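What follows is a set of notes on a single structure, which appears directly below.
The values are calculated or read from the model by the stated rules, or taken from the named source; none is laboratory data. A quick note: this is a predicted structure, and the numbers were derived from the prediction, not measured. Cβ placement follows ideal geometry from the backbone for every residue including glycine, while neighbour counts extend to all protein chains displayed. Quick note on the areas: whole protein, heavy atoms, side chains included, nothing else; ligands and nucleic acids left out. Shrake-Rupley method; radii C 1.70, N 1.55, O 1.52, S 1.80 Å.
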Amino acid sequence: MKNGCIFCAIAAGEIPSFKVYEDDVVLAYLDINPFTEGHTLVIPKAHSEGLLDTPDETLAAVLARVRKVAAHLKSALPCDGFNILQNNGEAAGQTVKHLHFHIVPRYGTGPIAFESGKGDMERLKALADRVRMA
Ligand code: AMP
Ligand code: ZN
């Protein structure tokens, strides 16, 4: 890991991920501690820490991909909606200092509460295959 950033290492293919979408600018993969089934992270391949140090063009490109991936998730999964989360700084719960947008598919109704659990690797793999095909 050349800059000590785990998401850079994922973008470089040095660490495996359950990839659902990739192009020149972004990578999207399933969160391994999902809030809900299909919880996906979208990152720029170029490192920046958060919203404030990311160039406008990168941000625009990433957000366009967030929308694209959310549409794929909606067509591949029986979800009723989704939340977009983007944490900045430890106080906001940011644990990985590489810009990322969470797409959290939502099923049915209920309070906006997020509780993660350790993902089942086989299930995540099958899910990533399904969304990637969508
Ligand atoms: P945040 O709290 O906004 O910084 O979110 C970081 C997210 O990255 C958490 O939801 C973690 O579960 C997730 N995460 C950490 N390492 C990995 C990994 N190797 N593959 C996929 N997701 C990861
Ligand atoms: Zn990084």
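On a full-extension model of 0.36 nm per residue, what is the gain between residue 85 and residue 47, subtracting their alpha-carbon distance, rounded to one decimal in nm?
Residue separation times 0.36 nm, minus the Cα-Cα distance, leaves 11.8 nm.
Remind me, relative contact order of the chain in percent, using alpha carbon pairs under 8 angstrom and six or more residues apart?
31
For residue 106, enumerate residues with amide H under 5 Å from its amide H, sequence gap 5+ or separate chain, H modeled in the peptide plane.
Counting only residues 5 or more places away or on other chains, the set is 80, 81, 82, 83.
Given only helices, namely DSSP H runs of n ≥ 4 each adding -39500 (n - 2.57), what is the per-residue ellipticity at 222 nm of the chain, to the nearest 500 deg cm²/dmol?
After summing the helix terms and dividing by the residues of the chain, the value is -9500 deg cm²/dmol.
Starting at the first residue of segment 33-46, write each ³J(HN,Hα) from the Karplus equation 6.51 cos²θ - 1.76 cosθ + 1.60 with θ = phi - 60°, in whole Hz, x for Gly and Pro.
10, x, 6, 9, 4, x, 4, 10, 10, 10, 10, x, 6, 7
Taking 0.36 nm per intervening residue step and subtracting the Cα-Cα distance, what contour gain separates residue 121 from residue 75 on full extension?
Extending this stretch completely gives an extra 14.4 nm.
If I fit a long axis through the Cα atoms of helix 56-76 and take the longest principal axis of the Cα atoms of the chain, what angle between them do I get, 0 to 90°, rounded to 10?
Between the helix axis and the principal axis of the chain, the angle is about 20 degrees.
Run the dipole for the chain about the Cα centre, Lys and Arg Cβ at +1, Asp and Glu Cβ at -1, nothing else charged, and hand back the magnitude in debye, nearest 20.
For this selection, approximately 300 debye.
Could you give me the ³J(HN,Hα) list for segment 21-29, computed from phi with Karplus coefficients 6.51, -1.76, 1.60 and θ = phi - 60°, whole Hz, x at Gly and Pro?
Result, rounded to whole Hz: 7, 8, 8, 5, 9, 10, 9, 10, 8.
Compute the FRET efficiency between residue 12 and residue 96 as 1/(1 + (r/R0)^6), taking r as their Cβ-Cβ distance and R0 = 22 Å, and round to the nearest 0.05.
That gives a FRET efficiency of 0.90.
For segment 1-52 and segment 80-110, write down the distance between their C-alpha centroids in whole Å.
13
Within 10 Å of each candidate Cβ there may be at most 10 other Cβ atoms; applying that plus a DSSP loop requirement, which trypsin sites (Lys or Arg not before Pro) in segment 1-98 survive?
2
In the chain, once you exclude exposed chymotrypsin sites (Phe, Trp or Tyr not before Pro) (DSSP loop, at most 15 other Cβ within 10 angstrom), what's the longest stretch remaining?
No qualifying site falls inside 1-106, the longest such stretch.
What percent does the relative contact order of segment 73-134 come to when contacts are Cα pairs within less than 8 Å and at least six residues apart?
40
Taking all pairs of distinct Cα atoms, average 1/r, flip it, and tell me the Kirkwood hydrodynamic radius of segment 1-113 in Å to one decimal place.
14.4
Given a 1.4 Å probe, how much area per residue of the chain is accessible, in Å²?
Dividing the accessible area of the chain by its residue count gives 56 Å².
Quick query: amide H of residue 26 versus all other amide H atoms, modeled in the peptide plane; which residues come in under 5 Å with a sequence gap of 5 or more or a different chain?
Amide H neighbours of residue 26: 45.
State the percentage of accessible surface on segment 1-61 attributable to carbon and sulfur atoms; use a 1.4 Å probe and exclude ligands, DNA and RNA.
57
Students often forget the sequence filter, so: which lysines lie under 17 Å Cα-Cα from residue 19 once same-chain residues fewer than 8 apart are removed?
45, 68, 74, 125
Between the helical axis of 121-133 and the dominant principal axis of the chain, each derived from Cα atoms, what acute angle in degrees is found, rounded to the nearest 10?
The two axes meet at around 90 degrees.
Would you kindly derive the ³J(HN,Hα) couplings of segment 94-105 from the backbone phi angles with the Karplus curve 6.51 cos²θ - 1.76 cosθ + 1.60 (θ = phi - 60°), listing them in order in whole Hz, with x for Gly and Pro?
6, 9, 10, 8, 9, 3, 8, 10, 8, 10, 10, x
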